[in-house]
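A short write-up of the structure that comes next.
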Amino acid sequence: MTYDLIIRGGTIVDGLGGEPFVGDVGVRDGVIASVGAVVSDAKREIDATGLLVTPGFVDLHTHYDGQAIWSDRMTPSSAHGVTTAVMGNCGVGFAPCRPEDHDTLVDVMAGVEDIPGVVMVDGLPWTWETFPEFLDALDSRRRDIDVAAFLPHSPLRVYVMGRRGVDREPPTAEDLALMRKLAAEAVHAGALGFASSRLTLHKTAGGQPIPSYEAEYAEIEAIARGVDDAGGGLLQFVPDLMAGDYEGALKAVFDVASEVGLPVTFTLAIGNAGPPIHLDALRMVEKANADGGNVTGQIFPRPIGLVLGLDLSGNPFVMYPSYREIAGLPLADRVAEMRKPEVRERILSDKPASDGHPLMFAAQAWDYMFSLGDPPNYEPAREDSIGARARARGVSPLEEAYDRLLDDDGHAMLLVTLANFRDGSLDTVAELIRRDDVVLGLGDGGAHYGMICDASFPTYMLTHWVRDRESGRLSIPEVVRELTSVPARVAGLADRGRIAVGYKADLNVIDTEALRLHKPVIVGDLPAGGRRLDQTADGYVATIVSGEVIAENGAPTDARPGVLIRGRRPAPTA
């Protein structure tokens with residue numbers, strides 16, 4: 001019996017948390033055909049002696065809706081072992097959409113996900129109107145990894161209600177009936193489910209709340225019933241984390257899920273200080289699941305935050321009129337200006353204007369702001385914060401931040417840890433990762449191009465959480481399980497996420513000793529010359545999708561086996 005690929009002698013981590021074992025993996029026709037001792041020949045073999053062999057990683061929360069149209073590589077995700085990415089999260093996306101509403105959806109995506117409008121205008125051909133037509137557009141090209149999509153709430157609302165939807169007016173009975181019909185149509189065509197957001201910070205580029213922001217129970221229920229009409233799917237939800245009360249923020253979607261009988265995954269964040277309101281959310285999850293529900297909180301395994309810099313979307317001075325006077329200069333010229341004593345004094349003595357991106361309120365959270373080096377440290381010590389360093393130097397935090405931004409000739413980056421960094425550590429995150437009702441996610445690949453680069457979290461799990469953390473480390477089987485079979489189960493993709501006969505041959509071969517996460521860098525590979533943050537890693541010997549090697553030793557191959565996943569997938573039969 002001849003195989004297409006045999007991975008020989010690797011330490012196999014099955015994805016279910018089982019004890020690793022040394023063996024071979026044989027692949028034929030895109031699926032795993034044999035596990036153990038494979039004695040046959042293959043068209044290609046990979047010597048994995050001393051290396052880990054894992055299932056491909058599944059990322060539940062991405063925004064590759066645009067990138068999957070204009071690019072055949074889903075980076076950074078695919079550079080970090082991800083072989084399946086789910087997009088359409090937060091209820092934002094590009095379908096359904098009538099031609100007259102293109103600008104509206106671009107405005108929503110630019111504001112919520114920090115994707116420059118010119119990038120979308122240049123990169124999106126808009127060859128679709130309905131959501132099934134958008135899926136067809138995705139299906140018409142191949143890419144490095146598989147993608148799947150939720151039906152996003154804001155485009156659906158605008159498609160059904162027009163300007164009334166943008167203005168967040170309540171829907172009529174006719175509107176609700178059409179939303180239900182279109183939701184069923186989307187799931188029939190291959191949507192994994194439905195995604196929505198009520199987060200206050202999710203605003204359009206024009207500063208307005210997104211269309212789904214104030215959607216009431218009846219609207220969520222109508223759409224959920226449409227999902228159920230077509231056979232079911234996952235509800236993804238971003239509650240208003242700024243409300244300070246998870247119960248009020250989650251009640252409507254939990255009640256809908258219970259009434260209709262659908263699973264839910266929602267964004268779960270931990271406040272850095274104050275009352276531990278995340279415990280209220282966990283109590284709600286426990287009650288919902290005890291009552292027969294299927295609810296998971298989705299946690300990010302390092303601080304939720306921003307990356308700031310002179311060459312990025314934000315920095316502590318981006319709202320200062322005196323800085324704005326020079327903000328349009330090339331970086332080298334701007335740095336030269338900022339080093340002049342009179343310019344430094346003028347900016348430091350200025351006051352910020354009131355306009356700007358809603359996240360820029362955090363650009364001066366000095367005690368939660370840190371220099372981001374290489375390798376990047378995402379669990380820094382409190383004494384390394386900009387605030388603490390300023391106190392040690394006897395200067396203002398504003399001065400310390402100014403000086404640090406000029407490091408590396410203006411290429412320096414600052415990390416702001418907005419959440420998940422309770423008491424200055426990730427200890428609380430560790431407690432949540434180990435829970436069965438919590439799943440890893442929120443990497444946001446394909447979005448926040450100029451202020452976040454979190455799609456690298458699988459590598460962070462295998463380095464920091466397994467190998468480098470001083471205490472409270474996780475085991476390799478635990479981490480691989482959380483990156484593979486658990487998110488696959490939550491997404492309803494039971495054909496992947498484990499190494500066993502009959503499962504999809506999405507695999508990683510990893511040198512754990514060489515595994516290293518690099519500092520984010522700026523690359524200019526977006527449409528219209530747009531730039532974005534990217535992040536790479538060492539240690540990935542091979543990443544394999546459907547039996548084809550898409551990357552070797554960090555370098556992409558020409559293989560593009562990734563497809564659009566249409567709908568949920570059953571586990572293979574014996």
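The values are calculated or read from the model by the stated rules, or taken from the named source; none is laboratory data. Everything numeric here is computed off the predicted structure, so don't read it as measured data. Please note: Cβ atoms are built from the backbone with ideal geometry, for glycine as well, and neighbour counts cover all protein chains shown. The protein model used for the area step is the full one, side chains on, heavy atoms only, and it has no ligands, DNA or RNA in it. Shrake-Rupley method; radii C 1.70, N 1.55, O 1.52, S 1.80 Å.
Scanning the range 503-524 for residues that are open to solvent by 30 Å² or more (accessible area, probe 1.4 Å) and either not in a strand (DSSP E or B) or not charged (D, E, K, R) (or both) turns up D511, T512, E513, A514, H518, K519, V521, I522, V523, G524. Which residues, taken from the range 311-326, are at pLDDT 95 or above and crowded, with 22+ Cβ neighbours inside 10 Å? Residue satisfying the conditions is Y323 alone. A single entry from V160, V92 fulfils the requirement of being open to solvent by 10 Å² or more (accessible area, probe 1.4 Å) and out of contact with any Phe, Trp or Tyr (no Cβ under 9 Å at 6 or more places or on another chain): V160. Evaluation of S258 against the conditions (1) open to solvent by less than 60 Å² (accessible area, probe 1.4 Å); (2) closer than 20 Å to I223 by Cβ shows that the sole unmet condition is (1). Put simply, of D146, D136 the only residue that is buried (at least 20 other Cβ atoms within 10 Å of the Cβ), at pLDDT 95 or above and within 30 Å of L507 (Cα to Cα) is D146.
Of all the criteria given as (1) under 13 Å from T104 (Cα atoms); (2) open to solvent by 20 Å² or more (accessible area, probe 1.4 Å); (3) in contact (Cβ under 8 Å) with a residue 24 or more places away in the chain, the one not satisfied by I210 is (2).
The single condition among (1) outside the structural domain of L474 (by the TED database); (2) out of contact with any strand residue (DSSP E or B) (no Cβ under 8 Å at 6 or more places or on another chain); (3) of a type in the set (D, E) that D407 does not meet is (2).
Once the range 447-477 is narrowed to residues that are of a type in the set (K, R) and touching a residue at least 24 places away in the same chain (Cβ under 8 Å), the residue that is farthest from A68 (Cα to Cα) is R469. Annotation for the range 346-362: no member residue is among the aromatic types (F, W, Y) and surrounded by 20 or more Cβ atoms within 10 Å (Cβ to Cβ).
Counting only residues that are open to solvent by 60 Å² or more (accessible area, probe 1.4 Å) and in contact with a strand residue (DSSP E or B) (Cβ under 9 Å, 6 or more places away or on another chain), the range 186-207 holds 1 of them. The residue list D229, D146, D175, D167 contains one member that is closer than 30 Å to P55 by Cβ and among the acidic types (D, E), which is D146. I want to confirm something. Restricting to the range 408-455 and keeping residues that are open to solvent by 30 Å² or more (accessible area, probe 1.4 Å) and under 16 Å from S385 (Cβ atoms), which single residue is modelled with the highest pLDDT? Per the stated criteria, the residue is R422.
The set of residues from the range 36-83 being surrounded by fewer than 19 Cβ atoms within 10 Å (Cβ to Cβ) and either without any contact (Cβ under 8 Å) to a residue 40 or more places away in the chain or in the same structural domain as V523 (by the TED database) (or both) comprises G36, A37, V39, S40, D41, K43, R44, E45, D47, T49, G50. Scanning the range 329-363 for residues that are within 20 Å of R532 (Cα to Cα) and modelled with pLDDT under 95 yields G356, H357, P358, L359, M360, A363. For the range 19-33, filtering for residues that are over 16 Å from N508 (Cα atoms) and open to solvent by less than 40 Å² (accessible area, probe 1.4 Å) leaves 1. Within the range 180-206, residues that are assigned by the TED database to the domain that holds E247 sit with their Cβ atoms under 6 Å from residues that are assigned to a helix (DSSP H, G or I) and charged (D, E, K, R), at 6+ positions apart or across chains, in these pairs: R180/R225; A184/D229; T204/D107; A205/D107; G206/D107. Against the condition assigned by the TED database to the domain that holds V118, on the phi < 0 side of the Ramachandran plot and more than 19 Å from the chain's Cα centre (by Cα), how does D427 come out, does it pass? Yes, satisfied.
For the range 182-224, a tally of residues being aliphatic (A, V, I, L, M) and not in a helix (DSSP H, G or I) returns 8. Listed by first and then second residue, the pairs with beta-carbon distance under 6 Å, at least 6 apart or on different chains, first residue in the range 159-174 and assigned by the TED database to the domain that holds G91, second open to solvent by 60 Å² or more (accessible area, probe 1.4 Å), are V160/L178; R168/E214. For the subset of the range 112-131 comprising residues that are open to solvent by 30 Å² or more (accessible area, probe 1.4 Å), touching a residue at least 24 places away in the same chain (Cβ under 8 Å) and of a type outside the set (D, E), which member is farthest from D525 (Cα to Cα)? The residue in question is T130.
Which strands (runs of 3 or more DSSP E) sit wholly inside the range 1-90 and have at least 1 residues that are basic (K, R)?
3-12, 21-28, 42-47
Quick check on L462: is it in the same structural domain as D444 (by the TED database), open to solvent by less than 20 Å² (accessible area, probe 1.4 Å) and closer than 25 Å to A149 by Cβ? Here the answer is no, as L462 does not meet what is asked. Being over 22 Å from D65 (Cβ atoms) and part of a loop (DSSP other than H, G, I, E, B) is a property that D444 lacks. When S385, S371, S396 are checked against the criterion of being in contact (Cβ under 8 Å) with a residue 40 or more places away in the chain, closer than 21 Å to C453 by Cα and not hydrophobic (A, V, I, L, M, F, W, C), a single residue qualifies: S371.
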